[in-house]
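Please read the structure below before turning to the comments.
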Amino acid sequence: MSVAAEISHGTGVSVSITSVSKVYDGDVQALQSVSLDIPAGQFLSILGPSGCGKSTLLRIIAGLDEPSTGEIRIDGVLQRPGDRRTGTAFVFQDAHLLPWRTVLRNVEVPLELLGTPRQRRRELAMHAIEEVGLADAIRRYPAQLSGGMRMRVSLARALVTRPKLLLLDEPFAALDEFTRQNLDEQLLALWQHTGMTVIFVTHSIAEAVFLSQRAAVFSRRPARLLDDIAIPLPANRTIETRSDPVFVEIARQVQQVMKGQVDE
Amino acid sequence: MSRAGAIVRAVRAAWPPVLMLVVMVLAGELIIRACDVEEYLVPAPSAVLKALVDSRRELFGSMLTTASAAMMGMACATVLGILIAILLSTARLVQRAVYPYMVFFQTVPVVAIAPVLVIWFGPGLHSVTICALIVAIFPIIANTLTGLLSTDPALREMFHLYGASWWSTLWKLRLPSALPNIVTGMRIASGLSVIGAIVGEFVAGVLQGNAGLGVEVMIAKRIGRTDLVFAAILAASALGLVMFGAINLAGHLLLRRWHASERN
Ligand SMILES: Nc1ncnc2c1ncn2[C@@H]1O[C@H](COP(=O)(O)OP(=O)(O)OP(=O)(O)O)[C@@H](O)[C@H]1O
Ligand SMILES: [Mg+2]
């Protein structure tokens, strides 16, 4: 398999989740018959109360965990446990960088593991770092970066293989509001020019509505799909989008659905 | 300015122990002279100093002999200890089966083992080196194992996601993240290896060429030169300090860029 082909600018993949349930250790049920169809190239946000099973779902899609029942198909292909999901990248809540490597060498890690030749690795890593606006910091170590910069490196590391499916688990939750909005805008721009499919888990309703084309709202544990809300905002979103009547209306709607979960 | 500041700070940090040393030495000298203690029981500090100066060539040669055994023991303990820790961390069943015996073995004093080594390897450098190895290896195994088993799970998953082999996960992730623990283990082992070598020399040391410090102590004791015994003990402490300092420096150089323990 040629690496160049594997990491060429791809469009996204479709993901279909059919009746996925997850029971941990025989008694903690995290997911209850979740079904979702995500067309190629869509930006989907997942919202739900803390501890309901969002991370579990994301990990199952990534192949880091197995569903107890149900199935995951990527571009129609049934995913079996243990399959390598090339083309999928995962961004965790914290940056999880290798502290002994510089920014550049951190971003090179996925390419190294996939066996990309050195020269090409450098080029791709530099490009990914430029995309997240960190070209000045390539020689720095993670300990010398701010939290926001570290998260950018983490994002660049996920993007460097040109994934067709990007999974993010509350990636910017630990950052301040300003940095978070800044990164949201960058992520949006990256999604627009790569065409990858994005599944984004977040606690922030505003962030979900601002970023995505669609929001899936989950119930308290065990997570069931409560509502599946389309977000018909224009592709080009800016600071002003946040005061757009559509934005406000949908945020209110999501709020309403989520509120039922807390009061219940 | 900052250099002057550093000197001021160093002096400030150093004066209490230095003052303590001066007071102790002077008090020792005075008490021993006042009470007229027999030289062969407790030599006065001045007598020890004189022995140290008079026998400096001999002591230095002995120190080199002991140092080579301690350093070789230390080097073997490091390589072997890391390999054993890798094995134990990989095969959990082996770990469970073997580890209790290693803890037990560790409590057996080397003095008790040394005669057996003499039977197997004969007296001399080999047996002494193995004594140093035996006392130095356990802290290295224990610390490396802790490090290998506490690799960031998210990073392991990331490596898994990119299809990393066992070997590249070890080489690029698990060993580097265990490095701070390895250095800690070596730091503890450095002092122990000198102790191990000297104890080894008590039992397995030989008198030809430059005898080690352990042999020196035994001979000085036999001929009633307690001052020389103390001088040899001081030389042994100095050796332990040099080894500890060398490991510390190496650790600092390896970790200063990225590990919290060595920054600033
Ligand atoms: N490995 C595991 N073993 C047992 N139970 C687990 C495991 N992982 C998660 N759980 C449980 O499954 C439930 C869902 O966890 P999950 O991490 O998916 O929630 P989440 O929606 O991501 O929460 P948060 O928003 O706080 O991140 C929780 O009750 C959690 O305790
Ligand atoms: Mg979570």
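The values are calculated or read from the model by the stated rules, or taken from the named source; none is laboratory data. Every value quoted in this text rests on a predicted model; they were computed, and no experiment measured them. Using ideal geometry, Cβ is built from the backbone for each residue, glycine included, and neighbour counts are taken over all protein chains shown. Note: accessible area is taken over every heavy atom of the protein model, side chains too, but ligands, DNA and RNA are not part of it. Shrake-Rupley method; radii C 1.70, N 1.55, O 1.52, S 1.80 Å.
A compact table of results
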| quantity | calculated |
| --- | --- |
| Cα extents of the protein assembly as shown along the three principal axes, largest first (Å) | 98, 57, 53 |
| Other-chain or far-sequence residues with amide H under 5 Å of A:Ala223's (modelled H) | A:Leu31, A:Gln32 |
| Sulfur and carbon atoms: percent of accessible area, chain A [1.4 Å] | 49 |
| Within the protein assembly as shown, percent of DSSP bridges classed antiparallel, to nearest 5 | 50 |
| Degrees, to the nearest 10: B:56-90 long Cα axis against longest axis of chain B | 20 |
| Theoretical FRET efficiency, 1/(1+(r/R0)^6), r = Cβ-Cβ of B:Arg57 and B:Trp171, R0 51 Å, to 0.05 | 0.65 |
| Residue mean of other protein chain beta carbons inside 10 Å, A:98-104 | 5 |
| Protein heavy-atom accessible area occluded, B/A pair - total, 1.4 Å probe, Å² | 2100 |
| Whole-percent carbon and sulfur share, accessible surface of segment B:41-263, 1.4 Å | 71 |
| Restricting segment A:78-142 to GluC sites (Glu not before Pro) in coil, as DSSP defines it, with at most 13 other Cβ within 10 Å | none |
| Probe 1.4 Å, accessible area per residue of segment A:79-227, Å² | 36 |
| MRE, 222 nm, helices only [DSSP H, n ≥ 4, -39500 (n - 2.57), over the protein assembly as shown, to nearest 500] | -19500 deg cm²/dmol |
| Ellipsoid semi-axes in whole angstrom, largest first, where each is sqrt(5λ) of the Cα gyration tensor of chain B | 40, 27, 14 |
| Inter-site label distance for B:Arg12 and A:Ser50 at 7 Å from Cα along Cβ, in nm | 4.2 |
| Protection proxy ranking, peptides A:67-73, A:50-56, average beta carbon neighbours within 10 Å, highest first | A:50-56, A:67-73 |
| At most 15 other Cβ within 10 Å, DSSP loop - trypsin sites (Lys or Arg not before Pro), segment B:215-264 | B:Arg256, B:Arg263 |
| Cβ-derived FRET efficiency at R0 25 Å, B:Ser237 paired with B:Leu207, nearest 0.05 | 0.60 |
| Paired Rg and Dmax values of chain A, which use every Cα atom, in angstrom | 18.2, 57 |
| Chain B: relative contact order in percent, alpha carbon pairs under 8 Å with at least 6 residues between | 26 |
| Computed E for A:Glu177/A:Arg118 - FRET, C-beta separation, R0 60 angstrom, nearest 0.05 | 0.90 |
| For chain B, accessible area per residue (1.4 Å probe, heavy atoms of protein chains only), Å² | 56 |
| Additional length obtainable on full extension of the chain from A:Asp228 to A:His193, 0.36 nm per residue less Cα span | 10.1 nm |
